[in-house]
Amino acid sequence: MNDAVRDPAIIELAAEQTHPLRLAVLRFDTVTKDVVFPEDTWPGARHLGMLVDNELVAVSTWVPRPHHDQPAVQLRGMATSRAAQGHGHGGALLEGGCERMAAAGTTLVWARARDAALEFYLRHGFEVEGDGFIDQNTQLPHHLIVRSLA
């Protein structure tokens with residue numbers, strides 16, 4: 001058995017449980033340290049985590065939010081701990097989240113992805129939409145990405 005992924009499980013989280021990884025991974029090199037998203041408490045928002053050997057190694061937030069007037073879910077706050085990166089945990093969480101969204105009737109997922117993570121998302125079936133931009137909160141380059149779940 002591959003010891004990189006031992007007893008992995010995708011679990012539902014409270015928004016607050018995502019904050020330590022959001023801070024450590026998504027805000028360590030940014031001008032803002034704010035890890036609370038207004039959407040965290042929106043109706044239908046779901047927070048998922050990947051547990052490996054009882055340790056939370058990755059988190060993601062899924063928010064019902066239209067994209068170009070289409071019903072969709074926005075992926076936010078996708079973060080995998082530095083120690084767990086490169087072992088498939090983030091990809092497993094992303095795929096598991098997409099499966100859950102599809103099972104709930106969602107046909108489109110979109111996100112504002114950091115350019116540093118674009119290859120990860122492209123490997124998982126996302127496509128870049130439009131030109132890049134600098135995110136006002138992080139001051140880092142991003143692109144809009146989309147994935148059809150239909």
Among residues belonging to region 42-55 that are modelled with pLDDT of 95 or more and in contact with a helix residue (DSSP H, G or I) (Cβ under 7 Å, 6 or more places away or on another chain), point out the one that is surrounded by the fewest Cβ atoms within 10 Å (Cβ to Cβ). Ala45
Test Val31 against the criterion of being touching a residue at least 24 places away in the same chain (Cβ under 8 Å) and in a loop (DSSP other than H, G, I, E, B), and give yes or no. yes
Being within 18 Å of Thr61 (Cβ to Cβ) and among the β-branched types (Val, Ile, Thr), is that true of even one residue in region 115-137? no
Every residue from region 111-124 that is under 16 Å from Gln74 (Cβ atoms) and in contact with a strand residue (DSSP E or B) (Cβ under 6 Å, 6 or more places away or on another chain): Ala111, Arg112, Ala113, Arg114, Tyr121
Taking the condition in contact with a strand residue (DSSP E or B) (Cβ under 7 Å, 6 or more places away or on another chain), closer than 16 Å to Ile11 by Cβ and either of a type outside the set (Val, Ile, Thr) or in a strand (DSSP E or B) (or both), does Gly44 pass? no
Near pairs, Cβ below 7 angstrom, 6+ apart or cross-chain, from region 10-28 (farther than 24 Å from Ala116 by Cα and at pLDDT 90 or above) to any residue that is surrounded by 14 or more Cβ atoms within 10 Å (Cβ to Cβ) and of a type in the set (Gly, Ala, Ser): Ile10/Gly96; Ile11/Gly49; Leu13/Gly49; Gln17/Gly49
Please give the strands (runs of 3 or more DSSP E) falling wholly within region 60-150 in which 1 or more residues are in contact with a Lys or Arg (Cβ under 6 Å, 6 or more places away or on another chain) and in contact (Cβ under 8 Å) with a residue 24 or more places away in the chain. 73-80, 108-114, 141-148
What is the one condition in (1) part of a strand (DSSP E or B); (2) surrounded by 13 or more Cβ atoms within 10 Å (Cβ to Cβ); (3) within 14 Å of the chain's Cα centre (by Cα) that Leu21 does not satisfy? (1)
Looking at region 109-123, can you tell me whether even one residue there is farther than 24 Å from Thr41 by Cβ and acidic (Asp, Glu)? yes
For region 63-86 the number of residues that are closer than 17 Å to Glu99 by Cα and among the aliphatic types (A, V, I, L, M) is 5
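The values are calculated or read from the model by the stated rules, or taken from the named source; none is laboratory data. Quick caveat: nothing in here was measured; it's all calculated off a predicted structure. Neighbour counts are summed over all protein chains in view; Cβ atoms, including those assigned to glycine, are modelled from backbone coordinates with ideal geometry.
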